[in-house]
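To keep things clear, I will list the structure first and then write my remarks on it.
What follows is calculated from the coordinates using simple rules that are stated; it is not laboratory data. These numbers come from a predicted model, not from an experiment. Backbone-built Cβ (ideal geometry, glycine too); neighbour counts: all protein chains shown.
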Amino acid sequence: MPPVTHQLRLRRGARARCVSARHPWVFAGELEETLPALGAVPGDDADLSDASGNFVGRGLLSPGPLALRLVTRKAGEAIDADLFARRIREARALRERDLPGEEAVRLVASEADGLPGLVVDRYGSHAVIQATIAGMDRRLPQIAEALKAEAGVSSVLARHELAAREREGLSREVVQVLGTTPPEIPVTLAGLKLLVDPWKGQKTGLYLDQRALYPLIRGRCAGRRVLDMFCYQGIWTLTALQSGAREAIGVDGSGPALERARSNAQANGLDPVLEEGNAFDWMREASDRGERFGGIVLDPPPFVKSKEDLDKGLAAYKELALRALKMLEPGGWLFVASCSQRVTPEAFLEVLRAAALDARRSMRVLAETAQPPDHPVLLEVPETRYLKGVLLEALG
């Protein structure tokens, strides 16, 4: 039985971005109707019209302020197996064009691939997915079959542990949706042999959004001592050693992540120093000991998850950068990344500028970076742009 498609209308006078800027998000305050009044439940389909009755698009309903995410603007187009197959086929073609031969890629990046609330990472022939809204969660069987048919995967594992699911009335769980996902998946990324833990690793097993940036430090590590904070599975650390660093130290707060980093190091015949600890405490103690480094990577988790976190998060980025600058040798380099979507590139540069002033260091900007092609950015959806990084060089 096909799902019921509810009818929604924008309030007259509502300045809705879904019309003015073709943004896929529609907020409850922009609508004449409410979900309870419609008899709707999270995940139902809804057709949206403007105040004059003109069709705007069809999307998936959610509770709370963000009430509707548009999936299609074609009148009469169903959100069904055919749509999922087509969107996943298009997403796969984009990755094969821009990242040919890559074993580990983000295959579906939510709104950026026309499938809001859905992330799919592919590791070889296995897919690990995260559905954060009820509309995608209810359609997991269709999504899994589309991944099998259009992306050639043999298994689909749902890593549904994100807190965002609770806002949709969804449980937090790990579920085998299709086939059998092994406990480890070997892949090659950035020239390194890695073992992905799809069941227990952070996110879906690996962080894939720095894939294009590891070459930034190649050619800058020979003979240097390199520090990699928040190293997770040690890709920056191992890249530094591959590039001739005389010593590379990786620090992370997760013991299991460091065990994975040790396995990755062994698989690549490399010998890093890996230490468990709180990044802020570790850097303060290292600075007090007089530790110095020719290169430092700061690639932390998001410090700003909501607008209320912004000031505190910016202060955290500044503190990290300041401590790093105090340990950086003359002529050394510092790479700092932020995956906090609410931190703009301009604000991020200002934080680094303030840290350099406090450290009394003159720094040259060598590169400003963004996310790779498998994490696309849509012009009409600025929220799809979240990753930014800055490579700095100390002038003295």
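Modelled label-to-label distance, residue 171 and residue 366, 7 Å Cα→beta-carbon offset: nm?
Between residue 171 and residue 366, the label points sit 5.0 nm apart.
Is the range 220-272 best put as rounded, prolate or oblate by its Cα gyration tensor, with a ≥ b ≥ c the root eigenvalues, rounded for a/c under 1.5, and otherwise prolate when a/b is larger than b/c, oblate when not?
oblate
Can you compute 3J(HN,Hα) from phi for each residue in the range 213-222, using the Karplus curve 6.51 cos²θ - 1.76 cosθ + 1.60 with θ = phi - 60°, rounded to whole Hz and x for Gly and Pro?
9, 4, x, 4, 9, 5, x, 10, 10, 4
Given charges of +1 on the Cβ of Lys and Arg and -1 on the Cβ of Asp and Glu, with all other atoms neutral, how large is the dipole of the range 334-375 about its Cα centre, in debye to the nearest 20?
240
Can you classify the range 1-98 as rounded, prolate or oblate using the Cα gyration tensor, where a ≥ b ≥ c are the square roots of its eigenvalues, rounded means a/c under 1.5, and otherwise it's prolate if a/b beats b/c and oblate if not?
Cα axes put the range 1-98 in the prolate bin.
Going by amide H atoms built from the backbone, whose H comes under 5 Å of the H on residue 67, apart from near neighbours?
Close amide H contacts, sequence-distant or interchain: 26, 27, 28.
If you work out semi-axes √(5λ) of the Cα gyration tensor in Å from the coordinates, which of [x] 41, 25, 17; [y] 61, 29, 21; [z] 47, 32, 19 do you get?
It is the value labelled [x].
Summing Lys, Arg as +1 and Asp, Glu as -1, what charge do residues with Cβ under 15 Å from the Cβ of residue 373 carry, residue 373 excluded? Intermediate values should be presented prior to the final figure.
On the way: positive: 92, 95, 97, 106, 122, 211, 385; negative: 90, 96, 98, 102, 113, 121, 209, 374.
So the surrounding residues net to -1.
How long is the gain from residue 12 to residue 329 if the chain were fully straight, where each residue apart is worth 0.36 nm and the alpha carbon distance is subtracted? Write down the numbers at each step before the final one.
Numbers: separation 317, 0.36 × 317 = 114.12 nm, distance 6.06 nm.
Between residue 12 and residue 329, full extension yields 108.1 nm more.
Counting only other residues whose beta carbon sits under 12 Å from that of residue 161, what net charge do I get with K and R as +1, D and E as -1?
With Lys, Arg at +1 and Asp, Glu at -1, the neighbours total +3.
Taking the Cα centre of the range 282-385 as origin, work out the dipole magnitude from +1 charges on Lys and Arg Cβ and -1 charges on Asp and Glu Cβ, in debye rounded to 20.
It works out to roughly 400 debye.
How many percent of DSSP beta bridges within the range 209-394 run antiparallel, rounded to 5?
So the antiparallel bridges in the range 209-394 amount to around 40 percent.
Determine which lysines satisfy two conditions relative to residue 193: a Cα distance under 22 Å, and not lying fewer than 8 residues away in the same chain.
Residue 193 reaches 203.
Roughly how many nanometres apart are two label points built 7 Å out from the Cα toward the Cβ at residue 38 and residue 163?
That separation, rounded to one decimal, is 2.8 nm.
What number comes out for the charge environment of residue 329, summing +1 per Lys or Arg and -1 per Asp or Glu over other residues with Cβ under 9 Å away?
Residues near residue 329 contribute +3 overall.
Kindly provide the helix-only [θ] at 222 nm of the chain, computed as the sum of -39,500 (n - 2.57) over DSSP H runs of four or more divided by all residues, to the nearest 500 deg cm²/dmol? Don't skip to the answer; put the middle values down first.
On the way: 10 runs with 106 residues, N = 396.
Dividing the helical sum by the residues of the chain leaves -8000 deg cm²/dmol.
I'd like the trypsin sites (Lys or Arg not before Pro) in the range 195-267 restricted to DSSP loop residues with at most 14 other Cβ atoms within 10 Å, sorted by number.
Filter output for the range 195-267: 200, 246.
Separation of the range 140-209 and the range 382-396 by C-alpha centroid, Å?
For the range 140-209 versus the range 382-396, the Cα centre distance is 28 Å.
Are there GluC sites (Glu not before Pro) in the range 311-396 that DSSP marks as loop and that have at most 13 other Cβ atoms within 10 Å, and which are they?
Those that pass, being in a loop and sparsely packed, are 380.
Taking the chain as a Gaussian network, Cα atoms linked when under 10 Å apart, which of 118, 189, 357 shows the biggest mean-square fluctuation?
It is 357.
Is the range 244-380 best put as rounded, prolate or oblate by its Cα gyration tensor, with a ≥ b ≥ c the root eigenvalues, rounded for a/c under 1.5, and otherwise prolate when a/b is larger than b/c, oblate when not?
Because a/c hits 1.5 or more and a/b fails to exceed b/c, the range 244-380 counts as oblate.
Between residue 21 and residue 287, what is the spin-label point distance in nm, taking each point 7 Å from the Cα along the Cα→C-beta axis?
Using points 7 Å along Cα→Cβ, the separation is 3.7 nm.
Determine the gain in length on full extension of the stretch residue 254-residue 77; use 0.36 nm per residue of separation and subtract their C-alpha separation, reporting nm with one decimal. Working shown, then result.
Working: separation 177, 0.36 × 177 = 63.72 nm, distance 4.56 nm.
Length difference between fully extended and current span is 59.2 nm.
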